Amino acid sequence: SSKDGGRGRWTFYDPQMDEARETRNLLELDLRAAIARGEIEVVYQPVVDAKTFALVSVEALARWNRRGHGPVSPDVFIPIAEASGLIDQLGLCVLRRALFQLSQWPELKLSVNVSPGQFRDPAFVDRVAEVFDEAGIEPGRVVMEMTETYFIQSPDRARQALERLKGLGLRIALDDFGAGFSSVGYLRQFGFDRMKIDRSLVQSLDRGHRAVEMLQATVALARSLGIPVTAEGVETEQQAVILRIAGCDQLQGYLFGRPQSPEDIAALMVRPMELRAKAAELAFAAS
Ligand code: C2E
Ligand code: MG
Ligand code: MG
Ligand code: MG
């Protein structure tokens, strides 16, 4: 751009770059408006017991149906929310809705995702405590999922933040394990209560026994530290069998259900038979 040129560097005018920036700015504006209007929806993905396939928990996932455009992926709008400071508001919206839902599902637990940026607000933990009070939810029923980035970038602050959340009674999971650089050592170092294996690792199981052995070793290591393991992105029965035998106590993925509306989750609770039947089949396949 001309600004860079003004500083004496040669740059090319790239209309595509301007276009990308403009698209992003428009997205940010629309996202801000959508949050203000309460248009961020929350869907819930089933998490099942690895042995019985009974529904034990749900993960809350944000959804944005952008006016005049249609659905925007969280992989697009979450980073925009993080970069623009909107993540504070968005995160609390999602938490408030999800806790309200949870109050109607006394038999379930809940996971919600937290971005590092949310800790920038010094009042974050107090706000979280307020939302729990309003909803009348016992914090022990909720797991907050965090990816490794925060722990790599600012380990000291991350440890403090985590301790404060745990002080409220919340549990903390290391999300997307295996997608980046996180090591099992982090689990102990930061006091995580659960590990979630990324779907890329789960999907690598299809490539053969080396991948299976690596995963078995990882799960065994976590379990030797007393940390339970959830596998994400489970799409096939074969993956489910391997993961259960490896020692995962919870499974999540399209095999058991996509992220869905509260009504559909409620329906799953009244007729859990399909899942039970699948569990029986799997037990047979594994024997
Ligand atoms: P995540 O927390 O790791 O959530 C799991 C993602 O994997 C979800 O994508 C889910 O739809 C997808 N998934 C689950 N099972 C399967 C499967 O069997 N196959 C495949 N191909 N995909 C599966 P989604 O909903 O698009 O969310 C993407 C990411 O956006 C999340 O990854 C999370 O990091 C972030 N995110 C979503 N909602 C929120 C939120 O409320 N707050 C924050 N901070 N981040 C959020
Ligand atoms: Mg997650
Ligand atoms: Mg994940
Ligand atoms: Mg993720």
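Going by the conditions given, is Thr218 assigned to a helix (DSSP H, G or I), of a type in the set (S, T, N, Q), within 16 Å of ligand 3 (Cβ to nearest atom) and within 23 Å of Ser182 (Cα to Cα)?
So Thr218 passes the test.
Of (1) within 11 Å of ligand 1 (Cβ to nearest atom); (2) at pLDDT 95 or above, Leu108 satisfies all except one. Which?
Here Leu108 clears every test but (1).
Val241 fails exactly one of the following numbered conditions: (1) more than 24 Å from Leu102 (Cβ to Cβ); (2) in contact with a helix residue (DSSP H, G or I) (Cβ under 8 Å, 6 or more places away or on another chain); (3) outside any helix (DSSP H, G or I). What is the number of that condition?
All conditions pass for Val241, except number (3).
Look at segment 127-153 and say how many of its residues are modelled with pLDDT under 95 and either assigned to a helix (DSSP H, G or I) or more than 13 Å from the chain's Cα centre (by Cα) (or both).
Selection size over segment 127-153: 5.
Select the strands (runs of 3 or more DSSP E) contained entirely in segment 36-78, then report the ones holding at least 2 residues which are under 21 Å from Ser103 (Cβ atoms), in contact (Cβ under 8 Å) with a residue 12 or more places away in the chain and small (Gly, Ala, Ser).
In segment 36-78, the matching strands (runs of 3 or more DSSP E) lie at 55-66.
Would you please name the residue that is nearest to Leu251 (Cα to Cα), looking only at residues in segment 164-210 that are among the hydroxyl-bearing types (Ser, Thr, Tyr) and touching a residue at least 12 places away in the same chain (Cβ under 8 Å)?
For segment 164-210, the residue satisfying everything is Ser200.
Kindly provide the set of residues from segment 106-123 that are among the hydrophobic types (A, V, I, L, M, F, W, C) and either over 12 Å from Val142 (Cβ atoms) or buried (at least 21 other Cβ atoms within 10 Å of the Cβ) (or both), ordered by number.
Residues satisfying the conditions are Leu110, Val112, Val114, Phe119, Ala123.
In a helix (DSSP H, G or I) and among the polar types (S, T, N, Q): is that true of Gln160 in this structure?
Criteria met by Gln160.
Test Phe192 against the stated conditions and say whether it is assigned to a helix (DSSP H, G or I), within 26 Å of Phe132 (Cα to Cα), within 16 Å of ligand 3 (Cβ to nearest atom) and aromatic (Phe, Trp, Tyr).
no
In the set Ala81, Ala98, which member is in a helix (DSSP H, G or I) and either under 29 Å from Asp49 (Cβ atoms) or away from ligand 4 (no atom under 16 Å from the Cβ) (or both)?
Going through Ala81, Ala98 in turn, the sole match is Ala98.
Of the residues Gly253, Gly178, which is modelled with pLDDT of 95 or more, crowded, with 17+ Cβ neighbours inside 10 Å, within 16 Å of ligand 4 (Cβ to nearest atom) and small (Gly, Ala, Ser)?
Criteria check complete, one pass: Gly253.
Only one of these conditions is not met by Leu187: (1) at pLDDT 95 or above; (2) hydrophobic (A, V, I, L, M, F, W, C); (3) touching a Phe, Trp or Tyr at 6+ places or on another chain (Cβ under 9 Å); (4) more than 15 Å from ligand 4 (Cβ to nearest atom). Which number is it?
With (1) at pLDDT 95 or above; (2) hydrophobic (A, V, I, L, M, F, W, C); (3) touching a Phe, Trp or Tyr at 6+ places or on another chain (Cβ under 9 Å); (4) more than 15 Å from ligand 4 (Cβ to nearest atom) applied to Leu187, the lone miss is (1).
The values are calculated or read from the model by the stated rules, or taken from the named source; none is laboratory data. In this text the structure is predicted, and so the values were computed from the model without any measurement. All Cβ positions, glycine included, derive from the backbone under ideal geometry; neighbour counts span all protein chains shown.
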